[in-house]
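To keep things clear, I will list the structure first and then write my remarks on it.
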Amino acid sequence: MLALTREISSAINRCELTHVAREPVDLPAARTQHREYERALEALGCTVRRLAADDTMPDSVFIEDTAVVLAEVAIMSRPGAASRRHEVDGVAAALGRLRSLVRIEPPGTLDGGDVLVVGRSIFVGRSSRTNAAGIEQFQGAVAPLGYSVRLLTPSNCLHLKSAATALDERTVLVNPRWISREYFNDLDCLTIDGSEPGAANVVSVHGRLIAAAAYPKTCRRLRDRGFDVQQVDASELSKAEGALTCCSLLVP
Ligand code: CIR
């Protein structure tokens, strides 16, 4: 599995924020944590390729938002935050060698963080970043490939994947306060510990997980259910409203 990551911009302190108050990000500490995250991906068998960034793209590290990579195609997003739109070209250049590309065009907007792929089902969150036109274009690209697309509306969080992520091809981890678990009735559904609202965002590489160290109770639940979980400290990037899946694009 290839994992594309992207350098943390030296302008990270000008990042977009939606639901959290601005607090300074310690750039050297954030870069150290980011390298640990990359090492955790390597420990799960990923080959990590880190793309460069510059100070015109404060949110570059959150590479997940720029694309949705499927086995057949990569859909290049059009991020809902205008400041993030030019992040897409560098990622398209890297993915264009690996997949055919489809682009979300204006007036559509779509952030990769709003797209949750679970096997052949794709859940798309309508959020402040992802609009109806973006969702329609996305559906038009993937439905002919045999994916079923379901529309969801998360609340109180930035992206759908702040509220729910996939643990494997039939199991999701959900914060039921931010997204109704009813949407996932066809799947196995685990819930986070209620005292850890950000804990639903975990990275899964073939069912082996990377979770944030800030959420020990949810990690215990996952281990009790038999999942192998590595914990990483993601506290600096959480000040930029980023979680774990946002920091990589997995390319099977
Ligand atoms: C933003 O607001 O766009 C960034 N500061 C955080 C993006 C996090 N991405 C994600 O959850 N997929």
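The values are calculated or read from the model by the stated rules, or taken from the named source; none is laboratory data. The shown structure was predicted, so the numbers you read here are calculated from the model rather than taken from an experiment. All Cβ positions, even for glycine, are placed from backbone atoms using ideal geometry, and neighbour counts span all protein chains on display. The accessibility values were calculated without ligands, DNA or RNA, using every heavy atom of the protein model including side chains. Shrake-Rupley method; radii C 1.70, N 1.55, O 1.52, S 1.80 Å.
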Among the numbered conditions (1) open to solvent by 10 Å² or more (accessible area, probe 1.4 Å); (2) touching a strand residue (DSSP E or B) at 6+ places or on another chain (Cβ under 7 Å); (3) closer than 19 Å to residue 93 by Cα, tell me where residue 38 comes up short.
(3)
Which residue, of 85, 126, is within 26 Å of residue 172 (Cβ to Cβ), without any contact (Cβ under 8 Å) to a residue 60 or more places away in the chain and open to solvent by 50 Å² or more (accessible area, probe 1.4 Å)?
126
Quick one: would you say residue 32 is hydroxyl-bearing (Ser, Thr, Tyr), closer than 25 Å to residue 197 by Cβ and open to solvent by 10 Å² or more (accessible area, probe 1.4 Å)?
no
Residues within region 216-244 that are under 23 Å from residue 57 (Cβ atoms) and either among the basic types (Lys, Arg) or away from the ligand (no atom under 16 Å from the Cβ) (or both), tallied
1
Kindly indicate whether residue 83 is of a type outside the set (Val, Ile, Thr) and more than 11 Å from the ligand (Cβ to nearest atom).
no
Which one of these does residue 195 not meet: (1) touching a strand residue (DSSP E or B) at 6+ places or on another chain (Cβ under 7 Å); (2) among the polar types (S, T, N, Q); (3) away from the ligand (no atom under 15 Å from the Cβ)?
(1)
Among (1) open to solvent by 50 Å² or more (accessible area, probe 1.4 Å); (2) under 14 Å from the mean Cα position of the chain (by Cα); (3) among the hydrophobic types (A, V, I, L, M, F, W, C) - the single one residue 214 does not satisfy:
(2)
Leading residue by the ranking (farthest from the ligand (Cβ to nearest atom)) among those in region 143-162 that are in a helix (DSSP H, G or I) and within 13 Å of residue 116 (Cβ to Cβ)
160
For residue 20: the one exception among (1) of a type in the set (A, V, I, L, M); (2) more than 15 Å from the ligand (Cβ to nearest atom); (3) more than 17 Å from the chain's Cα centre (by Cα); (4) more than 24 Å from residue 96 (Cα to Cα)
(2)
Answer yes or no: is there a residue in region 107-115 that is modelled with pLDDT of 95 or more, more than 16 Å from the ligand (Cβ to nearest atom) and either open to solvent by 10 Å² or more (accessible area, probe 1.4 Å) or farther than 22 Å from residue 1 by Cα (or both).
yes
Can you pull out every residue in region 7-21 that is part of a loop (DSSP other than H, G, I, E, B) and either in contact with a strand residue (DSSP E or B) (Cβ under 9 Å, 6 or more places away or on another chain) or in contact (Cβ under 8 Å) with a residue 40 or more places away in the chain (or both)?
7, 8, 9, 10, 11, 15, 16, 17, 18, 19, 20
